[in-house]
Amino acid sequence: MRVISVNVLFVCLGNICRSPMAEAVLRHKVAQRRLPVDISVDSAGTGSWHTGHPPHEGTRRMLDRYGISYANMKARTVNSEDFRTFDYIICMDPSNGVHVRKVPGGEQAKLLYFMDFLPEHELREVPDPYYTGNFEQVYELIDAGCEQLLEHIVAEHTAG
């Protein structure tokens, strides 16, 4: 039986709060399950201010609370190669999408928005805890959204 490989990239502004949290949470969920799809996960930012830095202290604190590894994670910036590598490019908010489109090749990229996986929620973007300080709220959204994303990936890549 052929194994289906799927690559997921989460994108936020600086790649130290939301997108690395989503990367770590989805990796954790994938590792806990036997899935019919091989899923690789990464994250990137649209700005380069934090390139090479580990996730924000607030993100690390939330991941530590839930026993989720962020080992070896370092911020990086979205690049043209990402549009060839990733099957899913998931932006945390519309502003991230606007900036991704400005990367060479990004104008043709198929972008998704994280909150589209939580259509019943009143928020339409994942709030940036770098500014709000509310890492708990962001973790709850990301945990729920990653669950829905996993279901979506498995259904889309194993159907019929």
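Working carefully through the options E140, E147, E107, E151, find the one that is more than 20 Å from L63 (Cβ to Cβ) and at pLDDT 95 or above. Outline the logic, then answer.
Numbers: E140 fails: more than 20 Å from L63 (Cβ to Cβ); E147 fails: more than 20 Å from L63 (Cβ to Cβ); E107 fails: at pLDDT 95 or above.
The match here is E151.
Among the residues of the range 117-145 satisfying the criterion of being over 15 Å from T46 (Cβ atoms) and under 13 Å from the mean Cα position of the chain (by Cα), which is surrounded by the most Cβ atoms within 10 Å (Cβ to Cβ)?
By that ranking, first place goes to I142.
Please report, ordered by residue number, the helices (runs of 4 or more DSSP H) entirely within the range 80-160 with at least 3 residues that are under 18 Å from A22 (Cα atoms).
On the way: elements: 82-85, 94-101, 129-132, 135-158.
Here the list reads 94-101, 129-132, 135-158.
For the range 118-141, what are the residues that are aromatic (F, W, Y) and within 20 Å of L26 (Cα to Cα)? Explain how you work it out, then say what you get.
Of the residues in the range 118-141, the ones aromatic (F, W, Y) are 130-131, 135, 139.
The answer is F135, Y139.
Of the numbered conditions (1) over 18 Å from F135 (Cα atoms); (2) assigned to a loop (DSSP other than H, G, I, E, B); (3) under 15 Å from the mean Cα position of the chain (by Cα), T51 fails exactly one; give the number of that condition.
Failing condition for T51: (3).
Restricting to the range 84-96, name every residue that is closer than 22 Å to E125 by Cα and surrounded by fewer than 20 Cβ atoms within 10 Å (Cβ to Cβ). First the steps, then the outcome.
Narrowing the range 84-96 to residues closer than 22 Å to E125 by Cα: 86-96.
Of everything in the range 84-96, those that are closer than 22 Å to E125 by Cα and surrounded by fewer than 20 Cβ atoms within 10 Å (Cβ to Cβ) turn out to be D87, Y88, P94, S95.
For the list (1) in contact (Cβ under 8 Å) with a residue 40 or more places away in the chain; (2) in contact with a Phe, Trp or Tyr (Cβ under 8 Å, 6 or more places away or on another chain); (3) not small (G, A, S), I need the number of the one condition that N96 fails.
Going through (1) in contact (Cβ under 8 Å) with a residue 40 or more places away in the chain; (2) in contact with a Phe, Trp or Tyr (Cβ under 8 Å, 6 or more places away or on another chain); (3) not small (G, A, S) one by one, N96 breaks only (2).
Residues to consider are H99, H50; find the one that is open to solvent by less than 50 Å² (accessible area, probe 1.4 Å) and at pLDDT 95 or above. Spell out the reasoning first.
On the way: H99 fails: open to solvent by less than 50 Å² (accessible area, probe 1.4 Å).
It is H50.
Please go through the range 64-79 and give me each residue that is surrounded by 15 or more Cβ atoms within 10 Å (Cβ to Cβ) and not in a loop (DSSP other than H, G, I, E, B), ordered by number.
If the condition is that a residue be surrounded by 15 or more Cβ atoms within 10 Å (Cβ to Cβ) and not in a loop (DSSP other than H, G, I, E, B), then T77 is the only one that fits.
Considering only residues of the range 1-15 that are modelled with pLDDT under 95 and in a loop (DSSP other than H, G, I, E, B), which is most open to solvent (accessible area, probe 1.4 Å)?
Among residues in the range 1-15 that are modelled with pLDDT under 95 and in a loop (DSSP other than H, G, I, E, B), the one most open to solvent (accessible area, probe 1.4 Å) is M1.
Quick one: Q148 ticks every box in (1) surrounded by 17 or more Cβ atoms within 10 Å (Cβ to Cβ); (2) under 23 Å from D38 (Cα atoms) except a single one, so which number is it?
(1)
Which of the following residues is touching a Phe, Trp or Tyr at 6+ places or on another chain (Cβ under 8 Å), among the charged types (D, E, K, R) and surrounded by fewer than 19 Cβ atoms within 10 Å (Cβ to Cβ): R61, R18, R34? First the steps, then the outcome.
Values: R18 fails: surrounded by fewer than 19 Cβ atoms within 10 Å (Cβ to Cβ); R34 fails: touching a Phe, Trp or Tyr at 6+ places or on another chain (Cβ under 8 Å).
That would be R61, the only listed residue that is touching a Phe, Trp or Tyr at 6+ places or on another chain (Cβ under 8 Å), among the charged types (D, E, K, R) and surrounded by fewer than 19 Cβ atoms within 10 Å (Cβ to Cβ).
The values are calculated or read from the model by the stated rules, or taken from the named source; none is laboratory data. Keep in mind that this is a model prediction, so the values were computed, not measured. Note: ideal-geometry Cβ built from the backbone for every residue, glycine included; neighbour counts use all protein chains shown. Side chains included, ligands, DNA and RNA excluded: accessible areas come from the protein's heavy atoms. Shrake-Rupley method; radii C 1.70, N 1.55, O 1.52, S 1.80 Å.
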